[in-house]
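Engineer: I have a structure I would like to understand better, so I am pasting it below and will then ask my questions one at a time.
The values are calculated or read from the model by the stated rules, or taken from the named source; none is laboratory data. Remember, it's a predicted structure, so these values are computed and weren't measured experimentally. All Cβ positions, glycine included, derive from the backbone under ideal geometry; neighbour counts span all protein chains shown.
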Amino acid sequence: MKKLIVGNWKMNLNVAEADHLLIALRKLLPSVPKQNIECVICPSCVYLQRAAEIMADQPVHIGGQDCAPFDNGAHTGDISARQLSALGCRYVILGHSERRAFYQESSALISEKATFAHDSGLTTIICVGETEDERTEGRQEEIVGRQIDESLSSGTSARNTVLAYEPVWAIGTGKTATPDDVAAMHSFIRKKLQEKLADGDEIRILYGGSVKPENAKDLFSVDNLDGFLVGGASLKADSFMGIAAAALE
Ligand code: PGA
């Protein structure tokens with residue numbers, strides 16, 4: 001299976017900085033072997049069109065960071081999956097912990113969004129992960145298991161869905177889960193997906209949380225880890241590409 005490296009730019013960068021990053025990535029992307037690695041960038045939605053233009057002939061996919069649980073119409077501030085798809089997006093991140101925490105997004109809502117995303121031909125990257133307190137209490141599998149049960153929509157398959165395990169305490173904190181912690185959780189997630197879905201062993205499972213070129217190589221050795229969802233380190237072309245390069249070592 002190809003390794004999947006997804007850059008989540010979040011609400012970062014001004015227009016000039018976004019352009020600068022896109023142009024820098026454009027220079028480095030051709031060196032990534034397409035047969036082994038798939039790269040995706042998820043800029044803020046205001047830069048999606050620009051990203052699609054600059055990356056038109058590049059070996060990289062574009063993704064949204066969220067979409068609406070509606071098809072179209074009177075939903076001020078929302079962006080539909082269909083609009084993302086029309087802009088050239090192939091992927092959409094759903095249920096990121098920042099959306100779960102700041103907008104109280106429930107797993108049920110994420111599953112509704114996923115249905116619209118799949119109907120528009122997008123592949124969803126469904127994020128799950130426990131908080132620090134939940135891990136201290138030893139409840140990480142209970143939490144992640146429930147998020148998986150409730151966030152996956154009925155049409156979920158390996159063709160349209162990627163799972164991203166992102167322990168909340170590791171996001172943007174510089175704390176990374178150890179390869180052993182990641183291995184334990186990814187094996188739990190794999191079993192869960194196998195129980196739930198006919199093609200559950202083919203669903204790609206990403207890890208996210210303070211991934212950098214320096215820790216990517218060790219994490220890549222973990223079983224059932226098919227790539228990364230990268231925040232901070234995706235804002236610099238050389239660190240994002242350094243993570244992709246670690247997959248080849
Ligand atoms: P980080 O973010 O790499 O900055 O920890 C990961 C994410 O939020 O997807």
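Engineer: Could you tell me which residue of segment 8-47 is surrounded by the most Cβ atoms within 10 Å (Cβ to Cβ), considering only residues that are at pLDDT below 95 and polar (S, T, N, Q)?
Structural biologist: Per the stated criteria, the residue is Asn36.
Engineer: Okay, moving on. Would you call Thr136 exposed (fewer than 15 other Cβ atoms within 10 Å of the Cβ), of a type in the set (Val, Ile, Thr) and either farther than 20 Å from Asp226 by Cβ or under 15 Å from the mean Cα position of the chain (by Cα) (or both)? Give the steps one after another, and end with the answer.
Structural biologist: Working: exposed (fewer than 15 other Cβ atoms within 10 Å of the Cβ): yes; of a type in the set (Val, Ile, Thr): yes; either farther than 20 Å from Asp226 by Cβ or under 15 Å from the mean Cα position of the chain (by Cα) (or both): yes.
The answer is yes for Thr136.
Engineer: Of the residues in segment 92-115, how many are within 17 Å of Ala158 (Cα to Cα) and surrounded by fewer than 23 Cβ atoms within 10 Å (Cβ to Cβ)?
Structural biologist: Counting residues in segment 92-115 that are within 17 Å of Ala158 (Cα to Cα) and surrounded by fewer than 23 Cβ atoms within 10 Å (Cβ to Cβ) gives 2.
Engineer: Quick check: anything in segment 31-38 under 28 Å from Lys113 (Cβ atoms), of a type in the set (Lys, Arg) and within 19 Å of the chain's Cα centre (by Cα)? Explain how you work it out, then say what you get.
Structural biologist: If we filter segment 31-38 for residues that are under 28 Å from Lys113 (Cβ atoms), which is where we start, we get 37-38.
With the extra rule that they be of a type in the set (Lys, Arg), the set shrinks to none.
The answer is no, given that none of the residues of segment 31-38 is under 28 Å from Lys113 (Cβ atoms), of a type in the set (Lys, Arg) and within 19 Å of the chain's Cα centre (by Cα).
Engineer: Of all residues in segment 73-106, which are more than 16 Å from the ligand (Cβ to nearest atom) and either under 18 Å from Asn160 (Cα atoms) or in contact with a strand residue (DSSP E or B) (Cβ under 9 Å, 6 or more places away or on another chain) (or both)? Reasoning before the result, please.
Structural biologist: Of all residues in segment 73-106, those more than 16 Å from the ligand (Cβ to nearest atom) come to 73-90, 104, 106.
Scanning segment 73-106 gives Ile79, Ser80, Ala81, Arg82, Gln83, Leu84, Ser85, Ala86, Leu87, Gly88, Cys89, Arg90.
Engineer: If I ask for residues that are within 15 Å of the ligand (Cβ to nearest atom) and among the charged types (D, E, K, R), which ones from segment 209-249 would you list?
Structural biologist: Scanning segment 209-249 gives Lys212, Glu214, Lys236.
Engineer: So, one more: Of the conditions (1) within 16 Å of the ligand (Cβ to nearest atom); (2) more than 15 Å from the chain's Cα centre (by Cα); (3) aliphatic (A, V, I, L, M), Leu109 clears all except one; give me its number.
Structural biologist: Single failed check for Leu109: (1).
Engineer: State yes or no: is Ile126 surrounded by 18 or more Cβ atoms within 10 Å (Cβ to Cβ) and not in a helix (DSSP H, G or I)?
Structural biologist: Values: surrounded by 18 or more Cβ atoms within 10 Å (Cβ to Cβ): yes; not in a helix (DSSP H, G or I): yes.
Yes, satisfied.
Engineer: Out of Asp199, Asp218, Asp226, Asp149, I need the residue that is more than 25 Å from Asp119 (Cβ to Cβ) and not aliphatic (A, V, I, L, M). Which one?
Structural biologist: Asp218
Engineer: Those residues that are hydrophobic (A, V, I, L, M, F, W, C), part of a loop (DSSP other than H, G, I, E, B) and within 19 Å of Leu87 (Cα to Cα), I need them from segment 14-55; list them, please.
Structural biologist: Taking segment 14-55 and keeping what is hydrophobic (A, V, I, L, M, F, W, C), we get 15-16, 18, 21-25, 28-29, 32, 37, 39-42, 45-46, 48, 51-52, 54-55.
Filter once more, keeping what is part of a loop (DSSP other than H, G, I, E, B): 32, 55.
Selection gives Met55 alone.
Engineer: A further question on this structure: Taking segment 157-208 on its own, how many of its residues are of a type in the set (Ser, Thr, Tyr), in contact with a Ser or Thr (Cβ under 8 Å, 6 or more places away or on another chain) and more than 15 Å from the ligand (Cβ to nearest atom)?
Structural biologist: Number satisfying all stated conditions: 1.
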